[in-house]
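Each remark here refers to the structure printed beneath this line.
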Amino acid sequence: MRIVDAGVITQSPPGTDRAAYTFPALLARRDGSLLLTCRRGSDKDCADEWVELYRSDDGGRCWARMESDIPPARVGGAASSLRVLYLTELDEGHLLAASMWIDRETHPGAPLFNPRTEGCLPMGVFLADSFDGGRSFSAWRPVDLPADLGPPSLTNPLITLPDGALLLSVETNKPYHDAGQWFQRVVALRTNDGGQSWDAPSDAGFDPSGRIFHWDMRLGLAADRRLVSFAWIYDTEAGRYCNIRRRTSADSGRTWSAAQDIGIADQAGHPAMRPDGSVVLAWVDRFGSGSIRARAATDAGAEFDRSSEVVIYEHGGRAGQTRGTAGTLDDMSIWTYGLPYAEALADGDVMVVYYAGDQRAMDIHYARLSFDAL
């Protein structure tokens, strides 16, 4: 692979409520346009965070911010901030938005994660429809999740399954003041009615001992109809991040293969699933080379080819591993680059979006990847 184009999409004036752009997600639409959603705020964890939409009609070379009418929502009756928004195209012109909202009133001024208990602020997952390309949205409707999942984290867009159902993956968290052991897990749920009702959740990543956490799981649907997931693995006993682990599912996420260490450290981005069956994975090597890189594999279960690797971003320094889960959660609020999201384009290229900058200002960047036959 090679980088054939790169640039910056957003403008982040330091000291404003747009100083920190993070959580980018990309959608290549059927009409050839590209939609980017991203989170902005005065810093990486703040009550004034919201989401913005950007559109490109020339393959990602030029971007314009859209004046989107995104309605407010409430979690448990409290006003909330909007952390992420993922878009799935259901039909021509019909987008389904999945969002993660954070309650900022119940614990005013508190950070997202409680450094004492490892608990999380109250959160919710909401859905809304847009029939005009993202310019306006319907009222939000909550996803009714089992209470034992705790505050839900959303790390992936809804996936349209081969039978037309939609799959939602959710990460579990503990309530804010819960000092008990955290048995972190990722679950998958399916809906056949556009999110009005959901089947029972099935485990997509879970260690019953509570030792291994599966953070920021990213999923994609391959051309052979298999689901593939990539998880950011944290070993709570050793107090360190491990290599990315991959699983595949041939039954729409109800059961998964054994976890496979793909030999890449450490945080996976959303994979680009190409029509020929190949997969492009971008990842953050924060503790090794201090960079964002990408590799390609011929199919969802194949080895990622070292010779295909490209360096998308170099930070210029490596981070040190922090012992203890609370320390790693604190670190997430100060990292200044990461969260790559790859999307296959209609012409065969792949675009990767990510955030990068410094403590004063962070922006959304893009890199367009092109490659010969795998």
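Read-outs throughout are calculated quantities, based only on the coordinates presented, and are distinct from any laboratory measurement. On a predicted model such as this, the values are computed, not experimentally measured, just so you know. Cβ: placed from backbone, ideal geometry, glycine included. Neighbour counts: every protein chain shown.
Of all DSSP beta bridges in the chain, what percent run antiparallel (nearest 5)? Restricted to the chain, the bridges split so that about 95 percent are antiparallel. So which residue, out of 130, 209, 308, gets the largest mean-square fluctuation from a GNM of the chain using Cα contacts under 10 Å as springs? Its mean-square fluctuation being the largest, the pick is 209. Rounded to the nearest Å, what's the spacing between the alpha carbon centres of region 122-158 and region 250-308? Just the number, please. Cα centres, region 122-158 to region 250-308: 26 Å.
Can you show me the helix-derived [θ] at 222 nm for the chain, built from DSSP H runs with n ≥ 4 at -39,500 (n - 2.57) apiece and divided by the number of residues, rounded to the nearest 500.
Details: 1 runs with 7 residues, N = 374.
After summing the helix terms and dividing by the residues of the chain, the value is -500 deg cm²/dmol.
Around the amide H of residue 252, modelled in the peptide plane, lie the amide H atoms of 227, all under 5 Å away and 5 or more residues distant in sequence or on another chain. Sorting the segments 103-116, 73-86 by their mean number of nearby beta carbons within 10 angstrom, highest to lowest, gives 73-86, 103-116.
Applying the Karplus relation 6.51 cos²θ - 1.76 cosθ + 1.60 with θ = phi - 60° to region 171-183 yields 3J(HN,Hα) values of 9, 8, 9, 8, x, 4, 9, 7, 8, x, 5, 8, 9 Hz, where x marks Gly and Pro.
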